[in-house]
Each structure stands twice: as C-alpha cells, then as structure tokens.
Amino acid sequence: MSATPSSPPLVPTTKLLTQDFFPGDHSSAHGCPHLKPFKKNAEILANYQVLARYSLHYKHRHALGILPPKDRKRSRPEDNVSISKPTPQLPTPTCLTCETCIGRIHACLHCVYVGCWKNEHAQNHSQETGHTFSMEVSRCGLYCNLCKDFVYDRDFEGIHNGELIRNSEIISMVQEPGQKRPRYVRWHAGTKEAAAIKAGTKLKSCQGLRGLRNMGSTCFMNVILQCFIHNPLLRGYFLSDQHSSKRCEVKTDCMGCEMDQLFTQFYSGVKVPYGPCSFLHTMWMSSSDLAGYAQQDAHEFFISALNQIHAKSPSAKLHQCNCVIHKTFAGVLQSDVTCLNCANVTSAFDPILDISLDLRPTRRSKSGLNKVRGMNDEKNDGPNSLADCLDRYTHPEKLGTNEYNCGKCGKTGQEATKQLSMKVIPPVLSFQLKRFEHSMGASKIETKIKFPAQLDMTQYTTSARKHRKSKLAAQQKLNGVSNSENTLPSASSLNASMEPIPTYVYNLFAVINHQGKMDTGHYTAFAKNRGEWFSLDDHKVSLATQKEVLDSKAYMLFYVKQTLDYDFVNASKD
C-alpha cells in the first residue's frame, strides 16, 4: 500500500468552508450550534478524518485487499504452497462494552470509545463522560448528543468527500495498477470569490422540465430530445455557452445551434409545452431518411442526431475527435480473437457511440454467466436482465473453421474464439435493447428486461479483465495447475472476485419506452431531474417513482459515470 495517494491535510481553522462562505459573524452558519467551540483547535476534525478513512477502508476491504482474519483464507503447510506476505488487516467495528458488531455502531470523536446504539452503550458513554459528538461508523454520519440528532456541517462534509476521492483512487490503483489518472484537486472559494458567486447567482426553480408538442407522430424525436436535455454533460456544455448560435459560423442547418436553442427554451422559465419545429426541420434537411411525418425509430433518430451534431461541430475530425458528442458518447470496443492452437491473440479496435444488445438468450452453460452489479436491486441477474444481455455481448464465442487464419502458426481455417470488451468506456453509456426484429417478418419482443439504477461495468473492461486474467494465471501457477490445452479461463472463474472500480460505476438518468405494436406504437420516456424521476409523454410531464422506472419495459437506457475523469489532454492546453 506504499503507492497509495498521500493523505490530504486537514483544512486549517482559518480556511474553513463556513468562514469562507459566511464571513464575519457566522454563529448561524453551522447546522449545529454546539460545533463552533470544538472546531477552533481542529482536533475533532482530525479525529473525524481518521474514523472516516477507517470506515471507507473497511467498507471496501475486499477491493483493497485489507481483510479481517475471518475473511482471509490461509494456506495450510500440507498444501505445499508458499505462504505469501501477510496483508494488513482491519478490525471489525465492535462495541467495546457488549462486543456486538451488528446494528448502528458509533465512535466517539473525543476519545477512543466505540459503542452500539441498540443497547444504548453509545448514549450512556456520552452521558457519563460529557462527550458531545460521535460518528456513525457505517455511513460516517456526524451525531450530536446534545441535539439528539445527526447534524450537517460543510467542513465535515468536505473531509468526508476528500476521503471518498482518496479511497476511490486507491481502489483504482489496486484494481488497475497500470492505469494513470490525474489527481483530483479540491477547490475552495475564498471570501471574494464566495461573495461574487452569491451576488451573481440566482436560483430558479424547476428549470429544465418542459413538455414537447407532438407535431404529427414525432414522439420518437421528443423522447430523444428529453434525454439530451437531461444528459448532465450535454447540459453543462450548452448551458456554459460552448456553442452559441449567435457566434456560430455555420449559417444554415447547424444542429449545434438547434441544441443551443433547445436548452435556451427549456431553461427560459416558460412552462407551456414547446414545439421543436426548427429542430425537426433541420433534421429533415440534414437526413432525408427521416423527412416526413411517418413514425420513425427512436434509436435511428438518436444516431442520426449525434452524427449531425458532430458533423457541424467546429472541432469535428475523423480520428480522435474532440467535439461534444465524442467527449460524451464515444467509446472504444476491443475484439480479441484467440487461436486455440497456439494461443496467439489478435486484437482489433472499433469506435462506438452506443451499445446494441440482443434480447434473445443463447444456449450455453449457466456456469459461464457473468453478473453485473445492480447495487440497489438484488434481482437484476437472470435470463431477462441487462446483466445477461451484457454477458452474452462479451462472452467468448467460437468461430467457424473457415472464419480465421492464424498469422502466427500459419494455419488456415484454424479454430479460434472471439471476445468483446470495453477498451475505453465513455462518460455516458447508451444502450439499445433490440426489441424490433426484421428477420422472419416484422415483430416486436415484449420481454421485460430488468435493469439497475446503478451499474458496475468493471468486469466488462479490457484492463480489468487483463489484470484478473494475469492474477488467475499466477494463482494457477502457484497451485501447480497447467493450462496445456490453451483454453481460456471460464468467465465465472475470471470474474468471481472482481470488485467495483469507482470510475466504472454508472448511474441511470434516462429511460425510453415503446408501447404498442411495431408500426403503430408510441414512445415515452423517464428522466431524472434534481434527484427526482419524471414521466415524459410528449406535452405531459408528471412525477414518477424509481420503482415505476425500473419496472418499465425499456427500449433505450442512458447511464452517466458516477465519477468523471479529467479531460487531461485538453485541460493541459488551456
């Protein structure tokens, strides 16, 4: 663990966030009035940082390789296996009075006592010693024993967020030792900056929520536009004037200008439904296939809109494009073809803007199924889930004898396997679930596909699989297991111990649904705005629940990265 990022220093008491944002008398700045005298010497802040770091390390102990003794499998001398260096271990948070580790465990911020809440040992300690503050270990919540409640404070929240970032960096380095990512540096507003922000900022409620008029079977366009509007990266780009229709040099049919006008309309404060006539006309002029009032496929419109926005972007290039579309949606898919005779691997790379997944299950062993982590839904795995669709998409498939010629062993018609993985995952993942079939006549697959609100893509990345494969090979060599048949390890053995890497965790922000038959159906959408889900049915906008979203029969899914990476190449040019 010597390569872990250095510990960030505590915020000096003269530079606390509360003092920056509330200069002068800030007696009412704290969420709790009892905090002020304790924060002067910063000792309570230092204790909170130590406990928060311990809590996060314990929560992610499997990913960090820091396990308590009961979770660690020890090698027996009779196994003739060399005992590796012991890994640092963390004690389980346990009440010092009754030795229970179940329930809410509180750690005192004034001394070294740890007590449980259920048996009131934490409360009794506070009353006997007069200690005011404690931290709930599992969630790092700050509890005031005088207020008899959990309290919020900017400085404690800042320390907790700093430890979250540090912990994420350590996990990324442990899981992907070859990856190099720029360090994240926190920015704190000074007194002048805070005053300027407060003076120049006005909070407007409910902006970004607006219905769209159906102008004649244009529901396919409306749902895509709603997903664009609620895309955090597109919203940040266009609302920060990165593309201004007033300064644009493209005179006509510029889709970037249409997007700028669209965001202007949605954030103007007007609540009546908006008719995107100009956007529709520009798409007709740019893509003749979409012209007319016939019902179109939402996914085809999505891809066409992305291509048109990219084509009219000033920074558009054929390779390594830096436009907003490629910054947001572009990824790289790696295809590895392995010769089963000599184990030679040939790799090819293909750029993608979205991922289309088949819904029809294939015949193969259940033991080879990978599982995606739906962190808020324990029933996301199975034959009708996004997990299973991704498993089939990235599962090794055997090529025919006439489909591959090995360049190393020189054999033609050699048996080989082909496997897909994500070389580069984009900030926004867009999935299309192939519900429409045209092979045996036009038909629609009505199967419900379960999908999670939080998606871990770790096991589908090239770097993570390569790292796990090398660890598995090292373990097989240590155990004296040879791979003489040149066969690939099974997916289950390869991904059995894979822990989520924070930079590969995604949050759902939009869903598109299709109701009815193939040619006469109707598109609706769900989108997340300020932490709440909304149902978007053309001009109708109504509040929805997450359960309604996850229970819907999705056609397209949109996920955004929970932790965004720096755009380091372009940041260094600025």
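Between the stretch 216-258 and the stretch 277-327, how many Å separate their Cα centres?
Cα centres, the stretch 216-258 to the stretch 277-327: 10 Å.
Which chymotrypsin sites (Phe, Trp or Tyr not before Pro) from the stretch 125-177 combine a DSSP loop assignment with at most 12 other Cβ atoms within 10 Å?
For chymotrypsin sites (Phe, Trp or Tyr not before Pro) across the stretch 125-177 that sit outside H, G, I, E and B with at most 12 neighbouring Cβ atoms in 10 Å, the list reads Tyr152.
Over all distinct alpha-carbon pairs, what is the Kirkwood Rh of the stretch 123-166 in angstrom?
11.4
Within the stretch 215-268, list the chymotrypsin sites (Phe, Trp or Tyr not before Pro) lying in a DSSP loop whose Cβ has at most 12 other Cβ atoms in a 10 Å radius.
none
Starting from the Kirkwood Rh over alpha-carbon pairs, what translational D in µm² s⁻¹ does the stretch 104-205 have by Stokes-Einstein at 4 °C and 1.567 mPa s?
Estimated diffusion coefficient is 77 µm²/s.
Residue by residue, what Karplus-based ³J(HN,Hα) values in Hz, rounded to whole numbers, does the stretch 539-555 have, using 6.51, -1.76 and 1.60 with θ = phi - 60° and x for Gly and Pro?
7, 8, 10, 9, 5, 10, 9, 5, 4, 4, 5, 6, 8, 7, 8, 6, 10
How much FRET efficiency would the formula 1/(1 + (r/R0)^6) give for Lys40 and Gln207, where r is the Cβ-Cβ distance and R0 is 25 Å, rounded to 0.05?
0.05
Report ³J(HN,Hα) in whole Hz for each residue of the stretch 89-100, in order, from the Karplus equation J = 6.51 cos²θ - 1.76 cosθ + 1.60 where θ = phi - 60°; Gly and Pro get x.
Per residue, the Karplus-derived 3J(HN,Hα) values read 10, 10, x, 6, x, 9, 5, 6, 8, 10, 6, 8 Hz.
7 Å from Cα along Cα→Cβ at both Ala348 and Lys448: what's the point-to-point distance in nm?
Each label point lies 7 Å from its Cα, and together they span 3.9 nm.
How large is ³J(HN,Hα), in whole Hz, for each residue of the stretch 322-336 in order, when computed from phi with the Karplus curve 6.51 cos²θ - 1.76 cosθ + 1.60 and θ = phi - 60°, using x for Gly and Pro?
Listing the rounded values in order: 10, 6, 5, 5, 6, 5, 8, 10, 7, x, 10, 9, 9, 10, 10 Hz.
Quick one: which residues, 5+ away or cross-chain, put their amide H under 5 Å from the amide H of Leu399? H built at 1.01 Å from N.
Hits under the 5 Å cutoff: Ala416, Thr417, Lys418.
Gain in length, Asp241 to Cys147, computed as 0.36 nm per residue apart minus the alpha-carbon separation, to one decimal in nm?
Additional length available on full extension: 29.3 nm.
Enumerate the amide H contacts of Thr563 below 5 Å, restricted to partners 5 or more residues apart or on another chain; note that Pro and chain-start residues carry no placed amide H.
Excluding prolines and chain starts, which carry no amide H, the hits are Val505.
Amide H to amide H under 5 Å from Ser356: which residues, 5+ apart in sequence or cross-chain, H placed 1.01 Å off N in plane?
Those qualifying (amide H under 5 Å, at least 5 residues apart or on another chain) are Gln432.
Report, to two decimal places, the Cα Rg of the stretch 193-287 normalised by 2.2 N^0.38 Å (N = number of residues).
For the stretch 193-287, the normalised Cα radius of gyration comes out at 1.20.
Computed from the coordinates by the stated procedures, all read-outs in this text should not be read as laboratory data. None of these values were measured; they are calculated from a predicted model. Positions of Cβ are backbone-derived with ideal geometry, glycine not excepted, and every protein chain shown enters the neighbour counts.
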